[in-house]
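Data first, discussion second: the structure below is written as structure tokens.
The values are calculated or read from the model by the stated rules, or taken from the named source; none is laboratory data. On a predicted model such as this, the values are computed, not experimentally measured, just so you know. Here the Cβ is made from the backbone with ideal geometry for all residues, glycine too, and neighbour counts use every protein chain on show. Note: areas computed on protein heavy atoms with side chains; ligands, DNA, RNA excluded. Shrake-Rupley method; radii C 1.70, N 1.55, O 1.52, S 1.80 Å.
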Amino acid sequence: MSVLVFTENWDGKFKKLSFELISYAAGVAKMAGTGVTAVSIGRVDESELKKLGNYGANRIIAVTNDQLSVLDNQAYASVISEIAVKENANIIVISNNNTGKAIAPRLSVRLKAGVGSGVSRLPLNLNPFTVYKRTYSGNAFAHLVIKSDVKILTLAQNSFDLAETPGNSCVIESMNVSVDGSLLKTTVKDVQKQTGKILLTDAEVVVSGGRGMKSPDNWGPLTELASLLGAATACSRPVSDEGWRPHDEHTGQTGKIIAPNLYVAVGISGATQHLAGISSSKYIVAINTDKDAPIFEAAQYGIVGDALKILPKLVDAVKELKK
Ligand SMILES: Cc1cc2nc3c(=O)[nH]c(=O)nc-3n(C[C@H](O)[C@H](O)[C@H](O)COP(=O)(O)OP(=O)(O)OC[C@H]3O[C@@H](n4cnc5c(N)ncnc54)[C@H](O)[C@@H]3O)c2cc1C
């Protein structure tokens with residue numbers, strides 16, 4: 001038995017989720033009495049690769065084929081399955097984000113593997129292989145038994161604490177894989193990267209706006225507060241549906257799942273579908289005119305009042321503190 005992890009990087013730097021995946025895989029490997037092999041695809045330098053060792057990877061397979069420099073789900077699934085077979089891996093851990101959700105079913109077909117999607121805890125049992133996942137927007141949980149020889153687990157983002165493993169030894173190997181050209185069905189002609197924006201899923205502080213912000217023209221003080229706090233900005237789904245904010249800011253059941261240390265919810269009612277994406281935040285601060293809004297049940301701190309009046313005051317207060 002061995003545990004294989006598909007890591008993700010952005011511009012050669014590992015996303016925080018990669019360290020979570022390795023920490024989780026190390027926990028599974030410990031239960032199974034085996035090691036963790038991490039797969040990195042794309043150009044990542046050695047000092048960055050070594051960081052995976054700090055969280056429990058024992059081997060790192062770095063795939064650097066130029067054909068794979070841009071994410072292609074079909075090709076990536078083919079490469080990961082080839083490595084899984086070579087490595088005799090029978091547990092494969094990937095993220096439950098959009099990339100993972102595209103790769104997991106393809107891998108599942110290739111490896112005839114059962115998928116436990118959105119797991120958030122270590123397996124309850126290895127025999128039978130039983131995993132825990134939250135369901136119905138976090139209102140219930142399920143115990144899922146996976147009976148296939150190879151098991152794929154997609155880990156809910158921000159659901160597992162990073163666990164450093166001091167003294168862990170780790171070997172890095174480069175691998176040139178064979179990429180079946182017929183799988184590369186899309187050609188990326190142009191990549192426009194967002195710069196200077198904090199990645200929402202990695203952010204420690206998030207300032208988020210809902211329909212209570214009334215208009216996209218009112219976002220100035222919210223973004224100013226975010227920038228003063230070194231925070232990422234987010235929003236509720238209707239806000240991105242209305243085109244007030246970009247879709248990549250939408251958090252919740254159908255959006256991003258985040259778990260920052262601090263989530264400031266401004267003019268957000270706290271519907272279950274929204275809470276499904278943010279309820280793992282360490283501290284939630286809510287600003288809402290309605291004292292009975294459900295967000296106050298999830299929040300540790302709250303201000304009942306008009307966000308459009310409160311935000312400028314908060315901005316001034318933070319500026320004062322920073323002087
Ligand atoms: C299948 C499905 C999936 C969904 N997925 C998601 C999802 O992923 N994410 C998501 O967010 N939603 C999702 N939704 C929608 C969700 O049910 C809610 O409709 C949505 O979260 C409400 O957004 P909101 O809180 O911004 O708006 P509203 O419900 O309109 O709430 C606005 C809040 O602002 C307050 N307010 C008004 N004026 C002010 C003011 N001046 N100052 C301060 N507060 C003020 C109000 O009291 C109210 O609480 C989903 C729905 C369905 C059916």
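Condition test on THR272, is it touching a residue at least 40 places away in the same chain (Cβ under 8 Å), among the hydroxyl-bearing types (Ser, Thr, Tyr) and open to solvent by 20 Å² or more (accessible area, probe 1.4 Å)?
yes
Looking only at helices (runs of 4 or more DSSP H) that fall completely inside region 208-323, which ones have 1 or more residues that are within 21 Å of GLY138 (Cβ to Cβ) and more than 8 Å from the ligand (Cβ to nearest atom)?
Numbers: elements: 220-229, 237-241, 272-278, 295-298, 307-322.
It comes to 237-241, 272-278, 295-298.
Condition check: closer than 21 Å to GLY302 by Cβ, crowded, with 16+ Cβ neighbours inside 10 Å and touching a Leu at 6+ places or on another chain (Cβ under 7 Å). Does LEU222 satisfy that?
Working: closer than 21 Å to GLY302 by Cβ: yes; crowded, with 16+ Cβ neighbours inside 10 Å: yes; touching a Leu at 6+ places or on another chain (Cβ under 7 Å): yes.
Judged against the criteria, LEU222 is a match.
For ALA102, state whether it is crowded, with 21+ Cβ neighbours inside 10 Å and either within 30 Å of ASP248 (Cα to Cα) or acidic (Asp, Glu) (or both).
No; evaluated as a whole, the condition is false for this residue.
Just one of (1) open to solvent by 10 Å² or more (accessible area, probe 1.4 Å); (2) of a type outside the set (D, E, K, R); (3) part of a helix (DSSP H, G or I) trips up LEU21, so point out which.
(1)
So which of VAL79, VAL70, VAL5 ends up being touching a residue at least 60 places away in the same chain (Cβ under 8 Å) and in a helix (DSSP H, G or I)? Write out each step before concluding.
Details: VAL70 fails: in a helix (DSSP H, G or I); VAL5 fails: in a helix (DSSP H, G or I).
Among VAL79, VAL70, VAL5, only VAL79 is touching a residue at least 60 places away in the same chain (Cβ under 8 Å) and in a helix (DSSP H, G or I).
Give me the pairs, please: first residue somewhere in region 192-203 and more than 26 Å from SER159 (Cα to Cα), second residue anywhere and open to solvent by 70 Å² or more (accessible area, probe 1.4 Å), beta-carbon distance under 8 Å, and either six or more positions apart or on two chains.
Taking only residues 6 or more apart or on different chains, the pairs are LYS193/ASP11.
Within region 79-119, take every residue that is more than 16 Å from ILE22 (Cβ to Cβ), within 19 Å of the chain's Cα centre (by Cα) and of a type in the set (Gly, Ala, Ser) and give me the one that is modelled with the lowest pLDDT.
GLY118
Conditions (1) modelled with pLDDT of 90 or more; (2) touching a helix residue (DSSP H, G or I) at 6+ places or on another chain (Cβ under 6 Å), marked per residue:
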residue	(1), (2)
ALA163	yes, yes
SER169	yes, no
ASN176	no, no
VAL179	no, yes
LEU228	yes, yes
ALA234	yes, yes
ARG237	yes, no
ASP241	yes, no
ASP248	yes, no
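Filter region 33-67 for residues that are under 20 Å from the mean Cα position of the chain (by Cα), within 22 Å of LEU183 (Cα to Cα) and not in a strand (DSSP E or B) and give the result.
Passing the criteria: only GLY42.
Applying the selection to region 134-164, what residues are surrounded by fewer than 18 Cβ atoms within 10 Å (Cβ to Cβ), on the phi < 0 side of the Ramachandran plot and not small (Gly, Ala, Ser)?
Hits for region 134-164 are THR135, ASN139, PHE141, HIS143, VAL145, LYS147, ASP149, ASP161, LEU162, GLU164.
Are there any pairs with C-beta distances below 8 angstrom linking a residue in region 133-148 that is more than 21 Å from GLY114 (Cα to Cα) to a residue that is among the basic types (Lys, Arg), with the two at least 6 apart or on different chains, and if so which?
That search, which allows pairs on different chains as well, returns ALA140/ARG134.
Here is a check on your reading of the model: is GLY267 surrounded by 24 or more Cβ atoms within 10 Å (Cβ to Cβ) and at positive phi?
Answer is yes for this residue.
Search region 287-308 for residues that are under 11 Å from GLY210 (Cβ atoms) and modelled with pLDDT under 95 and pair each with any residue that is near the ligand (Cβ under 9 Å from one of its atoms) and of a type in the set (D, E, K, R) when their beta-carbon atoms are under 9 Å apart and the residues are at least 6 apart or on different chains.
none
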